[in-house]
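Remarks on the structure that follows.
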Amino acid sequence: MIRNAMPNFQQIFGTDPEAQASAPGRVNLLGEHTDYNDGFVLPTAIPQRTIVQLGFSQDAQHHFYAADLDERVSILADNPPSSGFASYVFGCIQLLQTAGYPIPPLNLYIKSSVPIGVGLSSSAAMEVATLRGVRLLLNLPIDDVRIAQVGQQAEIQYAGLNCGIMDQMASSLADTDSMLFLDTRTLERRVLPFPQGAEILVLDSGVHHALAAGSGYNQRRAECESAARLLGVKALRDITTTQATETLPEPLWHRARHVISENNRVLEAVKGVSAKRFGELMNASHASQRDDYEVSVPAVDTLVAILQETPGVFGARLTGGGFGGASVALVASGQAKTIAQDVLERYNSVGYAGRILVPA
Ligand code: GLA
């Protein structure tokens, strides 16, 4: 099938853009479902990015165009869209307004290579790219951490996902050459090298997730908050040993055990452990997500199991919000593409449709 070339900003809006910005997706190496428990995370940026171009609207409406979806949405400034990509963009703009920055009606064009629904934060990349673009166009005095915070609020208030701050912080502050160790309570962070002799491989399981309202994601968060209340702490981050959770009713104690053990895995990983030990921590993280937190699915378990038994792989796990999506592996330097070929051949031969996402 021949696909028509995507129209550009000029063809959609009849003028040239006045500003352009971009932001990457992210892959989380360790520290899953810890961010909304005030815990620790360890993401890195991926090469895939979302690009936003902006100009001033000629009428009283915002006009948003998503090139990959070929979808155009026009909205009056105080009338939120009911769903879709426009909710995230509109949310970012509205929250800037509420924070005291008047935003005129805009023309906004989005194009992205960040895969959607696989746990690599396509929505955070869209939020951060949008906010960077608006900051540039209007010369707003907001820093990169503020951008992440506004992006997170847009996701919570306008897309219905009660998320933590990892994705937006990673998209706003991480790069592809290092890991970003973040304390999500204090927002203190350190940029760290990957374990020596290792690189990242990300494979899509082909089973996609949708995390927003009504999904198990918000339910898991609520369970963690109940567990913290019963244990008398502000957040599960304040508990450091898994024994402390054994008095909790089911399923809360398993949920809490995942969060506490996962925080401990991140804290060990950032001590500069070998690739071998880092891989073991990733494998343990997968088992914990699968058995205690129950956010994996059979396809991802199969993909992760194949990865874990392939020579050259130090460790592998489900990454992102879960209920489908991608797996991340730490593999020997220079071997990611060969390993991906072998693993995908085996995975796809049992009826799945996996594909390589990183290296891109
Ligand atoms: C999603 C959320 C993040 C985080 C991860 C799970 O990506 O947006 O805040 O909770 O899931 O670690």
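The values are calculated or read from the model by the stated rules, or taken from the named source; none is laboratory data. The structure presented is a predicted model; accordingly, all values stated were derived computationally and were not measured. Glycine gets a Cβ as well: all are built from the backbone with ideal geometry, and neighbour counts include every protein chain shown. The area values use the complete protein model at the heavy-atom level, side chains included, leaving out ligands, DNA and RNA. Shrake-Rupley method; radii C 1.70, N 1.55, O 1.52, S 1.80 Å.
Tilt of helix 298-308 relative to the longest C-alpha principal axis of the chain, in degrees (0 to 90, nearest 10)?
Taking Cα atoms only, the helix is inclined about 60 degrees.
How much length would be gained if the chain were fully extended between residue 146 and residue 250, taking 0.36 nm per residue of separation minus their Cα-Cα distance, in nm to one decimal? Present the calculation step by step, with values, prior to reporting the outcome.
Details: separation 104, 0.36 × 104 = 37.44 nm, distance 3.74 nm.
Additional length available on full extension: 33.7 nm.
Probe 1.4 Å, all protein chains in place: accessible area of residue 63 in Å², nearest 10?
Counting only protein heavy atoms, residue 63 exposes about 20 Å² to solvent.
Per 0.36 nm of contour for each residue apart, how much would the distance between residue 222 and residue 97 grow if the chain were fully extended, relative to their Cα-Cα spacing?
Additional length available on full extension: 42.0 nm.
What net charge is computed for the residues neighbouring residue 22, neighbours being all others with C-beta under 11 Å from the C-beta of residue 22, Lys and Arg scored +1, Asp and Glu -1?
+3
Counting alpha carbon pairs within less than 8 Å and at least 6 residues apart, what relative contact order, in whole percent, applies to the chain?
Numbers: 760 pairs, mean separation 72.7, N = 360.
After rounding, I find 20 percent.
Evaluate the relative contact order of the range 9-190 (contact order divided by residue number), counting alpha-carbon pairs under 8 angstrom at least 6 apart; express in whole percent.
It comes to 31 percent, rounded to a whole number.
Can you compute the helix-only [θ] at 222 nm over the chain? Use -39500 (n - 2.57) per DSSP H run of at least 4 residues, normalise by all residues, nearest 500 deg cm²/dmol. Before the final figure, lay out the partial values.
Numbers: 10 runs with 136 residues, N = 360.
Value at 222 nm, helices only: -12000 deg cm²/dmol.
Enumerate the amide H contacts of residue 315 below 5 Å, restricted to partners 5 or more residues apart or on another chain; note that Pro and chain-start residues carry no placed amide H.
When sequence neighbours closer than 5 places are left aside, the close amide H contacts are 330.
For the range 9-190, which whole percent of the accessible surface, found with a 1.4 angstrom probe, sits on carbon and sulfur atoms?
Using a 1.4 Å probe with all protein chains present, the range 9-190 comes out at 46 percent carbon and sulfur.
Extent of the range 195-358 along each principal axis, from alpha carbon coordinates, in Å, largest to smallest?
Sorted from largest, the Cα extents of the range 195-358 read 49, 37, 21 Å.
Compute the normalised compactness of the chain: alpha-carbon radius of gyration over 2.2 N^0.38 Å, N being the residue count.
1.00
Mind running the shape call on the range 163-284? Use the C-alpha gyration tensor, a ≥ b ≥ c as the square roots of the eigenvalues: rounded below 1.5 for a/c, prolate if a/b tops b/c, oblate otherwise.
Values: a/c = 1.71, a/b = 1.41, b/c = 1.21.
Verdict is prolate for the range 163-284.
Mind pulling the angle between the C-alpha long axis of helix 144-159 and the longest principal axis of the chain? Nearest 10 degrees, somewhere in 0 to 90.
Taking the Cα atoms of the chain, the angle to 144-159 is about 90 degrees.
Whole number in Å², please: accessible area per residue of the range 195-358, 1.4 Å probe, ligands, DNA and RNA not counted.
With all protein chains present, the range 195-358 gives 42 Å² per residue.
Considering only DSSP beta bridges whose two residues both sit in the chain, what percent are antiparallel, to the nearest 5?
Values: 43 of 47 bridges.
The answer is about 90 percent antiparallel.
Ranked from highest to lowest mean number of other Cβ atoms within 10 Å per residue, what is the order of the peptides 102-113, 25-36?
Those peptides, ordered most packed to least, come out 25-36, 102-113.
Would you mind checking which residues have amide H under 5 Å from residue 233's amide H? H placed 1.01 Å from N; only 5 or more apart, or other chain.
none
Summing Lys, Arg as +1 and Asp, Glu as -1, what charge do residues with Cβ under 12 Å from the Cβ of residue 106 carry, residue 106 excluded?
The answer is -2.
Just to be sure I understand the model, the point goes 7 Å from the Cα along the line to the Cβ. What's the resulting residue 187 to residue 69 distance in nm?
It is 2.8 nm.
Give the average over all directions of the projected area of the C-alpha convex hull of the range 48-104, one decimal, in nm².
Here the figure is 4.5 nm², rounded to one decimal.
With θ set to phi - 60°, apply the Karplus curve 6.51 cos²θ - 1.76 cosθ + 1.60 along the range 91-97 and write out the HN-Hα couplings as whole Hz, x wherever there is a Gly or Pro.
Computed from phi, the couplings for the range 91-97 are x, 4, 5, 4, 5, 5, 4 Hz.
Select from the range 206-257 those GluC sites (Glu not before Pro) which occupy a DSSP coil region and have at most 10 other Cβ atoms within 10 Å, ordered by residue number.
Those satisfying the criteria are 246.
Let me have the relative contact order for the range 37-113, percent, based on Cα pairs under 8 Å that are six or more residues apart.
RCO, the range 37-113: 47 percent.
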